[in-house]
Amino acid sequence: PTRRSSDLFKKIKKLSRVWKRILSKIELTPGSSCFEVGCGGGIHLVRLALNGFLVKGIDCSPDVINRAKNFIRQVAKFDDRVSPIHIYNGDFLSEDYEFLISKRSDKYDLVFDFGVVEHFLKKSERLEFIKRKFQLVKEGGWVLSVVPSGNHPCREMQRIKGLGGYHVSEINYTPELLKAEMLECGSNEVFVLPHNIMGYLNIHPK
């Protein structure tokens with residue numbers, strides 16, 4: 001490992017502002033189990049593992065999973081706590097979903113997605129997605145979705161510029177809609193936390 005890679009590792013290990021805010025609200029402590037739906041390149045799983053959480057995830061893309069596993073191997077050179085991370089390859093809405101909840105131990109303190117649920121344009125698919133997250137969470141656990149603000153004044157400009165890394169169709173989530181869908185899927189209580197709402201104003205020409 002080089003000095004540059006050591007510096008990168010320190011940045012990876014540091015919890016982001018959004019995670020600090022989430023964890024301060026739900027009071028999840030190290031040692032808690034977390035499951036990410038649509039884990040992509042694995043940055044959230046790795047960051048949580050480095051901070052003492054027990055993590056697993058699922059993604060439908062074999063290429064993305066291979067990239068995540070390579071990332072985990074690189075980080076493991078600095079800290080072996082990431083080595084137990086397990087990532088399933090599969091479609092979260094597929095019929096063989098039951099393999100994820102086949103054992104009582106396969107329940108988690110937190111089940112989350114970052115920028116996934118809003119890409120289901122049909123309400124029935126979004127509700128099924130959220131319900132399956134609730135099936136994976138322990139009694140008294142937390143279900144979390146981090147979504148773009150659908151009523152942000154720069155939302156349309158964000159779409160045009162392709163911010164977020166790719167052009168994919170998605171719905172405009174409002175706090176009211178997000179809360180309503182969570183309640184419909186079985187949540188006892190919902191918190192909607194506005195975060196970084198001024199950030200996209202930087203893209204406005206004025």
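Annotations for the structure displayed:
- Remark: spin-label model distance Glu184-Gln74 equals 4.1 nm, labels positioned 7 Å along the Cα→Cβ axis.
- Spatially proximal lysines relative to Lys69 (Cα-Cα < 17 Å; intrachain offsets below 8 disregarded): Lys13, Lys56, Lys77
- Relative contact order for the chain, counting Cα pairs under 8 Å that sit 6 or more residues apart, in percent: 17 percent
- Of Lys20/Lys179; Lys20/Lys123; Lys11/Lys179; Lys10/Lys107, pairs whose Cα-Cα distance is over 27 Å: Lys20/Lys123; Lys11/Lys179; Lys10/Lys107
- Cα gyration tensor shape for the range 4-93, rounded if a/c is under 1.5, else prolate or oblate: oblate
- Listed residues Ile160, Ile12, Ile130, most fluctuating in the chain (Gaussian network, C-alpha, under 10 Å): Ile160
- The range 42-88: relative contact order as a whole-number percent, Cα under 8 Å and 6+ apart: 51 percent
- Listed values for the range 32-45 are Karplus-derived 3J(HN,Hα) couplings in whole Hz (6.51 cos²θ - 1.76 cosθ + 1.60, θ = phi - 60°), namely 6, 9, 9, 10, 10, 9, x, 6, x, x, x, 4, 5, 4, and x replaces Gly and Pro.
- Placed amide H near Val55: partners under 5 Å, 5+ positions off or other chain: Cys34
- The slack in the chain from Asn66 to Gln135, taken as 0.36 nm per residue of separation less the alpha-carbon distance, amounts to 22.2 nm.
- The modelled label-to-label distance between Lys107 and Lys14, using points 7 Å beyond Cα along the C-beta direction, is 3.8 nm.
- For the range 15-20, 3J(HN,Hα) computed residue by residue from phi via the Karplus equation (6.51, -1.76, 1.60; θ = phi - 60°) reads 5, 6, 4, 5, 5, 4 Hz, glycine and proline entered as x.
No lab work stands behind these numbers, since they all come straight from the coordinates. Keep in mind that what you see is a predicted model, and the values were worked out from it rather than measured. Virtual Cβ from ideal backbone geometry, glycine too; neighbours counted across all protein chains shown.
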